[in-house]
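Just below is one structure, and these are the notes that go with it.
The values are calculated or read from the model by the stated rules, or taken from the named source; none is laboratory data. This is a predicted model, so every value here is computed, not measured. Every residue, glycine among them, receives a Cβ derived from its backbone with ideal geometry; neighbour counts consider all protein chains shown.
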């Protein structure tokens, strides 16, 4: 079922004319999860996002589906139990995106360590038990020598041993998009680049819809909805105060930063989770991806522009110091940084004075006196449970207001778009078999396999194309297939959408981006019939993003 720029316009026209049971503001993973829950139940629903899907927090995380081992130190056992179990559900439903991956936890004899040998053994045992981890994935410990055999670049000084435990690597933006595409299949009305500018009220001063602006055209229109839910993450207070200006702030956003370097400059064999070694009670991830290694994150209170958090020199100094402490032979400097990103965690305020790293990652569902619902906080991994809780309240209000009732649906069992693939070793065999169809089209095997790994079962759609475009304008066939699929099936409206969130090229393959950016812009200009001014604007936006991310 197409999910394109044309679909967007059709959805906008339908939302103008047809009252909805539910309207969701916010196209990150939280809003997407609610949308899927509603769509699966048959609730008539729509979603608007003022930027591109996942352009905020949901494309700027550590790109892991993890249970939050560190939160056990904060005695948040229930949170860890809940999100740890969710990891396997997400894996079962989107195993082309979410990969079970052993994580190494080095244990050092040093002041202020988050885990010593004893507490690490207790924590990892509890972590496995809470997560209900299968036997093959249960944690184990390596002595000092075996730890260094596994990760030779680690600092040897003070190293005692390491624990190896299960976590999952992922792509946050793609996960969000696959949820949205699945919801689209249920009939949900979805539009990016549509901003909520005000609320509509009924005779009793209850919210009954949203006044929205099409960011691309400037058109302002009304969307009628029985229930409106605010799922805008760091923007939650902005939307709440649009409804009730005097309302107390709910959010305490904190900024997290990640840096990307070439794998040869920071060679690791798998993801590592370690104290910084700076005696600051902070931990960082070091994660290999493609031919790169990225590391982060920081955790600092944020007061600036929510839409555009920046990586500062202070952030870079801190992370380089931390990673060089743990990998002393790397000697990383600013010159080694190939890309970077900053994102905001939409944390719930717990009063002043608490260290940002200690603020709960729990979620909050609130309802204002005028009926606006706000779901805030939480973790990427917990999106489905947050959606379940939100929809429970939505259903209650819909029954009160309209008498409507809806069936119980278990989204635990719903495969996401692209997720109709075998689990475990079976996925490797699936990649081999399906990529053979790509090879028959003339793709190199490595390229065909990459497309199956990225798109999962949706790669069938790509490989059913006899040609990507009449004119590829310099793109290879695989890239042409990817771009065509993205334009027709992923509501990709700008080159920045494509390079930032439909692919991971912007962060992890800067040289390739430079090679193909002009052909991509040319193809998109032809596809959307852009005039020269629009084409130049799109090109400038992409260059600005490249400059920001690649610090060039």
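Brief remarks on what is shown
- Residue within segment 343-351 that is surrounded by fewer than 13 Cβ atoms within 10 Å (Cβ to Cβ), outside the structural domain of residue 512 (by TED's automatic domain parsing) and at negative phi present: yes
- Each residue in segment 114-148 was checked for being without any contact (Cβ under 8 Å) to a residue 24 or more places away in the chain and within 18 Å of residue 328 (Cβ to Cβ), and 2 pass.
- Residue check, residue 55 outside any helix (DSSP H, G or I) and either surrounded by fewer than 23 Cβ atoms within 10 Å (Cβ to Cβ) or at pLDDT below 95 (or both): yes
- Qualifying residue in segment 292-301 (condition: surrounded by fewer than 16 Cβ atoms within 10 Å (Cβ to Cβ), more than 21 Å from the chain's Cα centre (by Cα) and not assigned by TED's automatic domain parsing to the domain that holds residue 453): no
- Residue 16 without any contact (Cβ under 8 Å) to a residue 12 or more places away in the chain, in a helix (DSSP H, G or I) and within 30 Å of residue 487 (Cβ to Cβ): no
- Restricting 241, 292, 255, 310 to residues that are free of Cβ contacts under 8 Å to residues at least 24 places away in the same chain and closer than 30 Å to residue 27 by Cβ narrows the list to 241.
- Across segment 324-341, a minimum of one residue is classified as within 22 Å of residue 28 (Cα to Cα), in contact with a helix residue (DSSP H, G or I) (Cβ under 8 Å, 6 or more places away or on another chain), modelled with pLDDT of 95 or more and buried (at least 21 other Cβ atoms within 10 Å of the Cβ).
- Condition met for residue 122 (surrounded by fewer than 21 Cβ atoms within 10 Å (Cβ to Cβ), in the same structural domain as residue 277 (by TED's automatic domain parsing) and either within 30 Å of residue 502 (Cα to Cα) or touching a strand residue (DSSP E or B) at 6+ places or on another chain (Cβ under 6 Å) (or both)): no
- From the options 271, 245, 267, residue that is out of contact with any strand residue (DSSP E or B) (no Cβ under 7 Å at 6 or more places or on another chain) and farther than 30 Å from residue 228 by Cα: 267
- Only one of the listed residues (146, 116, 132) is surrounded by fewer than 16 Cβ atoms within 10 Å (Cβ to Cβ) and under 19 Å from residue 285 (Cα atoms). That residue is 116.
- Yes/no for residue 43 being assigned to a loop (DSSP other than H, G, I, E, B), more than 30 Å from residue 310 (Cα to Cα) and at pLDDT 95 or above: yes
- Take the conditions (1) closer than 30 Å to residue 2 by Cβ; (2) assigned by TED's automatic domain parsing to the domain that holds residue 326; residue 262 misses just one of them, which is (1).
- Filter pass, residue 279 being closer than 25 Å to residue 58 by Cβ, outside the structural domain of residue 545 (by TED's automatic domain parsing) and assigned to a loop (DSSP other than H, G, I, E, B): no
Per-residue answers, yes or no, for (1) over 23 Å from the mean Cα position of the chain (by Cα); (2) without any contact (Cβ under 8 Å) to a residue 40 or more places away in the chain; (3) under 19 Å from residue 174 (Cα atoms):
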| site | (1), (2), (3) |
| --- | --- |
| 485 | no, yes, yes |
| 490 | no, no, yes |
| 501 | no, no, yes |
| 506 | no, no, yes |
| 517 | yes, yes, no |
| 521 | yes, yes, no |
| 529 | yes, yes, no |
| 540 | yes, yes, no |
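- Answer residue from segment 372-406, given it is more than 25 Å from residue 88 (Cβ to Cβ) and outside any helix (DSSP H, G or I) and is farthest from the chain's Cα centre (by Cα) among those: 403
- Criterion violated by residue 475 - all others in (1) in a helix (DSSP H, G or I); (2) touching a residue at least 40 places away in the same chain (Cβ under 8 Å) satisfied: (1)
- Within segment 12-26, the set of residues being surrounded by 24 or more Cβ atoms within 10 Å (Cβ to Cβ) and touching a helix residue (DSSP H, G or I) at 6+ places or on another chain (Cβ under 7 Å) comprises 22, 24, 25, 26.
- With respect to (1) in contact (Cβ under 8 Å) with a residue 12 or more places away in the chain; (2) assigned to a loop (DSSP other than H, G, I, E, B), the lone exception for residue 496 is condition (2).
- Single match in 89, 48, 75, 65 (criterion: surrounded by 24 or more Cβ atoms within 10 Å (Cβ to Cβ) and either more than 25 Å from residue 293 (Cα to Cα) or modelled with pLDDT of 95 or more (or both)): 48
- Residues (assigned to a loop (DSSP other than H, G, I, E, B) and farther than 30 Å from residue 451 by Cα) located in segment 239-276: 244, 245, 246, 247, 248, 249, 250, 252, 253, 276
- The criterion of being buried (at least 23 other Cβ atoms within 10 Å of the Cβ), within 22 Å of residue 289 (Cβ to Cβ) and not assigned by TED's automatic domain parsing to the domain that holds residue 221 holds for residue 166.
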